[in-house]
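First up is the structure itself, then whatever we jot down about it.
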Amino acid sequence: MLTIKAIDSAKPKDTPYKLPDFEGLYLYIMPSGTKSWRYDYRFNGKRKTLTIGKYPYISLSDARNEKDLARQLLAHGKDPCLERKKSALLANVKNDNTFKSIAIEWHSSKKSTWSKKYANEIISIFERDIFPYIGNEPISKIKPLEMLTVLKAIESRGALEIAKKARMRCGEVFRYAIITGRAEVNPTAELSSAMAKTQSKNFPFLATDAEMSEFLTALRGYSGNILTRYATLLLIYTVPRTVELLTLKWSNINFEQKLATIDEDVVKKDRVHLIPLANQAIEILKFLQPITGHGEFVFPNRNHPSKPMSNGAILHVIRRLGFANRASGHGFRHQFSSVLNEHGFNRDWIEKQLNHEEGTVRGIYNHAQYLEGRREMMQWYADYIDSLTT
């Protein structure tokens, strides 16, 4: 057995060496003079070494106590090295308990199961809408009312779907914190009833990028009537009301200015409605021009070419693709609003594009004021739609 005198008098040598105590405990002396306590044991037939700590910071009696604890773990079938690592990890976890740090830890554990795009989408929600408000707070101190206030701020800008997604993902963060011993309550558990509903019963819409990607992939492979396929795609790129698109005349298209005009009698307001056309929309119209350009309507009725296509044509495509009760013509407008509000575009531009304003002098002024901004916005949105199937 070692003594304090023997330990203090031990001098470094050219190579490391051991001063044995008993039952596998020894002092390991390096050429540099560093002395550390180690314990050799066998676990599942393999020889292993537990490093207890440096002398004199760990005294002889403390080292023997640590050795005894390790022997108790072995008696219960536990590996002392593994148990020490677990304890160190738990201590580190408990010290790092802000909502932001835990959310990032949770996101890192989940992102390998997601696509890169979806992982980036989720973390951007946290960075933009959650971390600035509760990111630095201890996760165990966050109350339901505080969480609801954060989510209501997202709803207030019209991004209902992103608010729903934020509530769900924050709930997962809180559950992760509970599992790892850093929280006891999930404050999002009862908030759904206090939040705005995101989906209309009459106008279903594709609520996630994954659903929209699935629909667009199916639409691009649609083998039915080519005009209804392109009408559906153009509706997604330009988001007018279905009747506004299907009654569109070739005389309403200005290729040079990349603009479509919806007449007053179709809008049913005392003004026309202008729709900036993204490059993708222009390409569709140029493709269709040799097919239907000899007539009045861009999308003529199949049986009566002098009349526009039936309002039910696009709904028929949606049903043929297997998306009945999941998507609708109006639903594409809802999705457009959610995505652009979520990405911080000017709300007036969005409402103007959806033709949600009154026909007043102010409306006419804003019509000119917002056109260039809406051109940029619609090109961004068309590119975004394309990215879902790239």
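The values are calculated or read from the model by the stated rules, or taken from the named source; none is laboratory data. These figures come from a predicted structure and were not determined experimentally. Ideal geometry is used to build each Cβ from the backbone, glycine not excepted, and the neighbour counts take in all protein chains shown. Surface accessibility is based on the protein's heavy atoms, side chains included, excluding ligands, DNA and RNA. Shrake-Rupley method; radii C 1.70, N 1.55, O 1.52, S 1.80 Å.
Things worth noting here:
- Looking across Phe174, Phe203, one residue alone is of a type outside the set (Asp, Glu) and at pLDDT below 85. It is Phe203.
- Taken over segment 132-163, the criterion of being open to solvent by 20 Å² or more (accessible area, probe 1.4 Å), in a helix (DSSP H, G or I) and more than 13 Å from Asn341 (Cβ to Cβ) is satisfied by Pro132, Tyr133, Ser140, Lys141, Pro144, Leu145, Glu146, Leu148, Thr149, Lys152.
- Check on Glu155, farther than 16 Å from Ile104 by Cα and of a type in the set (Asp, Glu): yes
- Condition met for Tyr370 (of a type in the set (Ser, Thr, Tyr), modelled with pLDDT under 85, in a helix (DSSP H, G or I) and within 23 Å of Ala278 (Cα to Cα)): yes
- For segment 108-126, the criterion of being surrounded by 18 or more Cβ atoms within 10 Å (Cβ to Cβ), in contact with a Lys or Arg (Cβ under 9 Å, 6 or more places away or on another chain) and over 25 Å from Asp209 (Cα atoms) is satisfied by no residue at all.
- Residue in segment 232-242 that is β-branched (Val, Ile, Thr), in a helix (DSSP H, G or I) and touching a strand residue (DSSP E or B) at 6+ places or on another chain (Cβ under 8 Å) present: yes
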